[in-house]
Structures are given as structure tokens and as C-alpha cells.
Amino acid sequence: TAQFAQAGSTLAVADSLDTAEVEAQIPISQFRAILHAGASDDLPAGLTVSTLSDVIRKIGFEATVRLGAGSNGVEWPARFARIGDMVDPKTRTVSAIVAVDGAYAKASPGRRPPLTKGMFVEVEIRTRAREGAIVVPRSALHGGRLYLVNADNRLEVRPVTVGLVQGGFAVIEKGIEPGERIVISDLIPAVVGALLRPQPDAAAREKLKAEAAGGAERP
């Protein structure tokens, strides 16, 4: 039997099997921090969607699309495609669209699903490693200040400029130099000039290095 359709009606929708696009909603404040963390110079004034995409390509965004977590999770490497046209005024988020090439590659029924439309996934976005960045445990910050151990093993409280804060670490833009010793345990009370007996924490150092490099274990 013949069937008729009105002009302009959608008869079918085809999705590409080669590339899948995933839209991630990122809070504006966090997105700006990511840009500053990856940029070696100050960001240009008056950013538009077009110029923002250029900045992101220059910084070198990398992404991973993840379904599930732990040993049962599935991951796909992704690349930055573009920035969405609009900023959501209600949620104050900007959309970043990443593309996964070979969305059906290595798919195995019952073991590894293909990346298909309608899946709820997590998108992890990274910038290229920033040489010379100083990172400290997030818990070591005290309202924009750090507790340091000076050359005489006495407590010094110093204001610092904090950059990107993410997970368990924070990037310090100004205020300390490489090699200075910071206090990561609680000091109650914190008395400036108090004599300290500092003990290196190798485990905390390795954990910080792993997380800052993007290699911290996931739940």
C-alpha cells in the first residue's frame, strides 16, 4: 500500500558510524579556570565563540569519554570539536562538543558497547601539561594562604595567588617558589614563628604528582 508524507516531514534520521559527538556542559567559572591553567599567556579580551575555539585549539584540549566507572568502565579517546553557540543562562554553563572517532570500533556484544546516541556518559577534559606549574594539596590552602616551613624550621604564613583548583590539588600562580616546604597537616593553633619539626610525606607527594598529571586512580 502507498503511504504519503507531508512536505517537510522527517522520514528518517541517520547517524554516522565513523564519528560520534558528545556535548559536555561545563560551569563557566570552571571553564575559565581550565583555560587559564592551559594558557601560557593571558587570555585575549572579548572572547567570542569563534576566538574561544581558536584559543582551545592552541592550548590543546584532550578528552576522554567514559561510560561507567571502575574495572567495568569503558573509555573512548576524544578530540575537541567546537564550542556550542550559546551559554545556558539558567545553569551558567558552556557546552563543549568533543568527537570520538571510531565510535563503533572494538565493539563487542556483552563486553564492550559502541558509543551510541542517547548514552549518558562522563567527559574528562584535559589541557597539555604546563611546564613549571606549582601545585599543592588543596587541603593545604587556608583562605588564600599557605603555611610554610622557613629555613629555620619555623612557621611562616604567606598569602598566595591561586589558579586552577581541581580535585585534591590547586595551582599556585604567585607567592611561593619551587623547593619551598609547605605544611599539609593541621596546625592548631597556627602561631607564626613557632618552631616546627617537619617530616617529609612521600606518599602525599606521589599522590599529588599523580593527580596533577591526570593519573590519579578513579573510583
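Summary of computed values
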| item | result |
| --- | --- |
| Packing-based ranking, highest mean first, of 26-32, 196-202, 110-116 given that Cβ atoms within 10 Å are counted | 26-32, 110-116, 196-202 |
| In Å, descending, principal axis extents of the Cα set of the stretch 89-219 | 63, 37, 29 |
| Spatially proximal lysines relative to Lys174 (Cα-Cα < 20 Å; intrachain offsets below 8 disregarded) | Lys209 |
| Using a Förster distance of 45 Å, the FRET efficiency for Asp88-Arg158 (Cβ separation, nearest 0.05) | 0.70 |
| Longest DSSP-loop-exposure-free segment, GluC sites (Glu not before Pro), the chain, at most 11 other Cβ within 10 Å | 1-130 |
| Dmax and Rg, reported as Rg then Dmax, of the stretch 159-201 (C-alpha, Å) | 12.4, 32 |
| 4 °C / 1.567 mPa s Stokes-Einstein diffusion coefficient of the chain, Kirkwood radius on C-alpha pairs, µm²/s | 62 |
| Taking the stretch 134-212 and dividing mean pair separation by its residue count, relative contact order in percent (alpha carbons under 8 Å, at least six apart) | 35 |
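No lab work stands behind these numbers, since they all come straight from the coordinates. Computed from a prediction, not measured in an experiment: that's the story for all the values here. Every residue, glycine as well, gets a Cβ built from its backbone with ideal geometry; the counts of neighbours run over all protein chains shown.
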